[in-house]
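Participant: Encoded as structure tokens, here's the structure I'll be asking about.
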Ligand SMILES: [Zn+2]
């Protein structure tokens, strides 16, 4: 009886996520959320995250400082006319909170310095791959030897896309720490501009990382990175969401996706109105 109820709840979550990611499609039928490793596709999600590491208060404070810097940079990206994303590379953080020195920062620069008018036909062309994380790694690759790059942690305001996850893989970063979850988790599902076609180039990105049970390809950052050793023998670890309430605020900044931040009297979870979550996330 309990198993049946839980399967029904899982079906509800799937249906809701699917409708967020692929509005024209009919809701997905109830299906087991089992990933390639036999575990739930959503077990590490913002909805039901793996617990954060057992950091000391001092270490956690340093990670949070670096993440808040990512959020600041994501807003700066919007101010520059780009998408609300940014990443940075920093040295490892020690248990006493020392370390965590920023080596390189990168704001999303898809539309260039002059903003989104570019893809609408004004002079200049966008760099469709200039995301916060991939951009940071590309720049760092030109500056640092690989064995040094492979010791740095990558922080990013929002869980990275498949391209950036793979760039982080090639860089060998042992830790990838993200602020708020991405489209695979439904965390951005209420952003009208996000679930629709973002630009003539991108299409419905969410379907790339959505679990197979939702008709997606299941290529998310956890699958690309988590648990795989790097060339130095250190196991890559994905950590997040860290400060998701603040992270999702970067997506409301200047109403980038065409959605205003919920009023203070609106009940939210992770910064998203509960009504938008359809009650399925609990
Ligand atoms: Zn990306």
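Please treat every number below as a calculation from the coordinates, not as lab data. What you see is a predicted model; the values in this text were computed from it and never measured. Quick reminder, even Gly has a Cβ in these numbers, built from the backbone with ideal geometry, and neighbours come from all protein chains shown.
Participant: For segment 55-96, what is one quarter of the convex hull surface built on the Cα atoms, given in nm²?
Facilitator: Result: a mean projected hull area of 2.9 nm².
Participant: Label points 7 Å out from Cα along the Cβ direction at residue 245 and residue 261: separation in nm?
Facilitator: 1.2
Participant: I would also like to ask the following. Quote the FRET efficiency, to the nearest 0.05, computed for residue 129 versus residue 98 with a Förster distance R0 of 30 Å and r equal to the Cβ-Cβ distance.
Facilitator: Efficiency, rounded to the nearest 0.05: 0.30.
Participant: Calculate, in nm to one decimal, what residue 148 and residue 54 gain on full extension: separation in residues at 0.36 nm each, minus their alpha carbon distance.
Facilitator: Taking 0.36 nm per residue and subtracting the Cα distance, the gain is 31.3 nm.
Participant: Taking the convex hull of the Cα atoms, report for segment 128-177 its projected area averaged over all directions, in nm².
Facilitator: Details: hull surface 12.4 nm².
That works out to 3.1 nm², a quarter of the Cα hull's surface.
Participant: Now for a separate question. Compute the length gained on full extension between residue 234 and residue 91: take 0.36 nm times their separation in residues and subtract their Cα-Cα distance, giving the result in nm to one decimal.
Facilitator: That works out to 50.0 nm of additional length.
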